[in-house]
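To keep things clear, I will list the structure first and then write my remarks on it.
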Amino acid sequence: MSKQSGSLRRYILTRIALAIPMVLILLVLVFVLMRVAPGDPISASQGGKLNAAELAARRHAAGFDAPMYQQFWDYLKSVVTLNFGTTFSDHRQVRDIIIENGGATLTLTFGALVFASVIGIPVGLLAGRLRDSTIDVAGRLFGILSYAVPVIVAAPMLMLAFGATSGQASPLVQLNVPTQTHILIVDAMIVGDWDAVGDIANHLVLPSIALGLLIVGVFIRMIRINLIQSLQGDYIEAARARGVKETAVVGRHAFRNAMVPVITVLGLQVAMLLSGAVLTERIFTWPGIGRQLIDYINQRDYVAVQGIVTVFALVVVVISMLIDFINALIDPRVRY
Amino acid sequence: MSRTKRVVAAAAVAFLAVGVTACGGNKDNSASGSKGAVIVGTIDSVSSLDPAGAYDYGSWEVIDSVYQKVMRFPTGGTKPEPDAAKSCAFTDPKTYACTLQSGLQFSNGDKLTSASVKFSFDRMLKIADPNGPSSLFGTLESTEAKGADQVIFHLKSADSTFPSVLATDAGAIVDEKTFPADKLLAGTKVIGSGPYTLDKYTAKQQASFKVNAKYSGPVKAQNSQFVLQYFAEASALKAAVKDGTVNAAFRTLSPTDTADLKKTQGVKVVEGTGTEKRYFVFHAKVKPSDQKAVRQAVAQVIDREGIAKDAYNGTVAPLYSMVGNGIDGHTDAFKDKYGAPDKAKAAAILQAAGITAPVALSYTWTPSHYGAAAADEATAIKRQLDASGLFNVKLSSTEWQQYQKDEKAGSYASYMIGWFPDLPDADNDVSPFLSKSPFLGTGYDNPAIQALLVKEQGSNDPKVRNEAFAEIQKIVAEDAPIIPVWQGKQTAVVRDGVTGVDKALDPTMFRFYELSTGK
């Protein structure tokens, strides 16, 4: 075994070992927060109908009065088995919720990334290339604004401004697309229902922009600063000295290097995208996991909320670990 | 350019192209693939497709279409009539016997017999799901199947409301070959013998129904397919009505949304009698509500018409009785006793009791359970009571989960409570509030009312029952532990071309089978 591969393996194992307590702390937090909030699923659904004795009997039957350690142990078991349990309020497997609605969240997140890339990359490049120009100032200002304005503000504003005229104010209603992949637009493509594809895409635009605005500022700033640094590099000077065209210098050499840190940062934005997706889905009635999460929070459905938040958290932890691994693979300094 | 880069670039260009097209506006927003189905939008949610686990309106909307019951409420009626049964009758006060129709089948072809009925009730009581309706059948001792078509319900005590309880969706009949006996059915492939089959169900998104060819019963469906589209927010539902994504909307648009839709071209707002009620409740053991004169003075001052107009744009109707408008046994007891709002009379009541005005009274409401207009209602109540000069009302609000805990514990002197009855029977409007174990905290226990409740529950004679209800309402108006404020109207919104909504707006359950697009 070479010294290099040994250090990489050690780094990966250490990173995984560190992730375990992080996940455990997170599980405890999710569990405690749900219990600290007043109420439970029984009183949320039946509190306006049943007397105190009947409510207590139903709480007991559902196990909500079981000792906390017992409830936490059950929760841990459900996480370890990746089962996540069955919701109380509508008797669904949490795993099914993730599978059935994950496709919509994935589609929305992808749409947001495409929007952020299509806007962020050219604006970042222009801002970096034309440093201190009007375009640069405008691009930076747009980046700061889009980063600063939360989804809860941006999404309703977009809805008010464009929702009614574009037909996107009303939620997506699809009736006859058979479920195959649980990604609606893909399912519609598979059966060749292009009307449905158009309708789904139409409804995807505004939520994607609302969510994409959350990260487009990061894209612009990262690309701009990295491009500026790249353009000051010796290899750029050398390329220019060799008579390489300016477009090739920027596009092929500077841009490529400027994109490396962006890809790293992109991974770290997953958490932000997921949290933003919860609000975006709710505001645009997009049928993803986030919309489900808010419904279940309102119903105090411990099992559903714990399960969904845990899955979100695991996704973020796994992605950040993967990015660390890639960084460690590319840059040996990281693992020492 | 590498292949990967080309693919990424193509995807981005495609997304942009779609976006540009989309931003150009979508002229036809009708649901893709609807093919003439009636699409009804709602913000209700479904807790269970299995009747043994469902005790909420959203679930019952589905169950009512997919399953049959022994008895049912006819469209526009509150007296139960046979559904799967040919006939039913009390053979003694504690025995209710039914004969089923012959040749009944579930949608999968299985036969519906007395064994199916016994199985359905036995499993519902055995499962006793914490979210289920078993508490509605508190008086049911056992169910007996005799032959293929005889079902006998043995009751623990005389219960005149039993036929009505049977007619709720808690009494839905399930296929014993499909449903497990001791747990809820997993999944969405439910089998019933009702007028529709559940063709496709996506939780929190959509339920699609098709007419059940094997159904034999009194319902004559006016459509061959209808779809329930679930929305998270009323604002989204309103938008969907406006642009025609749904043909109709039912439950629940806010008064302002309804007013806005009334002005929308191509949209019709239809109102019908509702069952939701709102009460001003006192805790009779908390000062100053422990004094009858204080409660009576409030009842004398409250202007229900004003609340209905100011807080609800006239979408609710004043209520002067614990028993809902239109229900057998209803009397306008509070109107009879107090007449029109009168400050002078209220001042005299307080003066006679030696109480010095203004009386400091706290009134609590919740912003997270009764809709946005609850805030307006609480404000209107405070304004009216303060304006009388007899009260100094302190408003406070608490989140629903804590609210119900507090009101049951007697933490509030007075508070707001809402009620959706399970069945159209006067008993269901009074006993949950006035029995020995009410569902809310009132601190009020009147032996005379308890005796009257036993009397009406034990009699099948409408005259005896109505006399008991009249007396109960009279006592409540006199003691004023609870002041009825309003009864909601049901509102449905339909797009042009949808017919049958007048009949569909039934107080017991929305009748989806009455709707038609004429296609």
What is the Cα radius of gyration of segment B:49-193 over 2.2 N^0.38 Å, N being its residue count?
0.94
Mind checking the dipole of chain B: about its Cα centre, +1 per Lys or Arg Cβ, -1 per Asp or Glu Cβ, Debye to the nearest 20?
1360
If each residue's Cβ is checked for other Cβ atoms within 10 Å, how do A:L27, A:L184 rank with the fewest at the top?
A:L27, A:L184
Report the charge-dipole magnitude of segment A:103-296 in Debye, nearest 20, computed about the Cα centre from +1 at each Lys and Arg Cβ and -1 at each Asp and Glu Cβ.
780
Could you tell me which of the pairs B:K309/B:K489; B:K204/B:K262; B:K111/B:K204 are separated by over 21 angstrom between their Cα atoms in the structure shown?
B:K204/B:K262; B:K111/B:K204
Determine, from the Cβ-Cβ distance of A:I12 and A:Q180 and an R0 of 45 Å, the FRET efficiency 1/(1 + (r/R0)^6), rounded to the nearest 0.05.
0.80
Projected label distance in nm at B:E81 and B:N460, using a 7 Å step from Cα toward the beta-carbon:
1.9
Arrange the following residues from fewest to most other Cβ atoms within 10 Å of their Cβ: A:H60, B:H283, B:H369.
A:H60, B:H369, B:H283
Cα pair distances in segment A:234-336, grouped into 5 Å bins until the bin that holds the longest one, percent each
2, 11, 14, 13, 12, 10, 10, 9, 7, 5, 4, 2, 1, 0
Förster radius 51 Å - calculated FRET efficiency between B:S157 and B:K345, Cβ distance, rounded to 0.05:
0.75
What is the gain in length, in nm to one decimal, between B:E399 and B:A372 on full extension, counting 0.36 nm per residue of separation less the C-alpha to C-alpha distance?
8.4 nm
Förster-model FRET efficiency, 56 Å R0, A:A148 and B:T95, C-beta, rounded to 0.05:
0.20
Kindly state, as a whole number, the per residue volume in cubic angstrom of the convex hull around the alpha carbon atoms of segment A:103-296.
142
Report, as an integer, the average count of C-beta atoms from other chains found within 10 Å of each Cβ along A:284-295.
3
Which value, in debye to the nearest 20, gives the size of the charge dipole of the protein assembly as shown about its Cα centre, when Lys and Arg are +1 and Asp and Glu are -1 at the Cβ?
2840
What residues from segment A:80-121 fall in the zone where the backbone N is under 19 Å from a label point 7 Å along the Cα-to-C-beta line of A:L141?
A:120
List the equivalent ellipsoid semi-axes of the protein assembly as shown in whole Å, largest first, each obtained as the square root of 5λ for an eigenvalue λ of the Cα gyration tensor.
55, 32, 27
How many nm is it between the label spots at B:D445 and B:A128, if each spot is 7 Å from the Cα in line with the beta carbon?
2.3
Which whole number of Å³ per residue matches the convex hull of the alpha-carbon atoms in segment B:225-356?
166
Ordered by fewest other Cβ atoms within 10 Å, a rough proxy for footprinting exposure, B:R72, B:R495 read B:R495, B:R72
per DSSP, antiparallel bridges as share of beta bridges in the protein assembly as shown, % nearest 5, sits at 75
In whole Å, what are the extents of chain A along the principal axes defined by its C-alpha atoms, from largest to smallest?
85, 60, 39
Give me the inter-chain shielding for B:435-442: mean count of other chain Cβ atoms within 10 Å, whole number please.
3
What number in nm² do you get for chain B if you take the convex hull of its Cα atoms and divide its surface by four?
28.6
Extension gain, A:M189 back to A:Y235 (0.36 nm per residue minus Cα-Cα distance, nm):
12.0 nm
With each pseudo-label sitting 7 Å past Cα toward Cβ, what's the A:M157-B:N313 distance in nm, one decimal?
2.8
Putting +1 on Lys and Arg Cβ atoms and -1 on Asp and Glu Cβ atoms, find which of A:H203, A:V177, A:V270 reaches farthest to the positive end of the dipole of segment A:103-296.
A:V270
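Bear in mind that the values in this text are calculations on the coordinates, not laboratory data. From a predicted model like this one, the values you see are computed outputs, not experimental measurements. In this analysis, Cβ positions are derived from the backbone assuming ideal geometry, glycine residues included, and neighbour counts consider all displayed protein chains.
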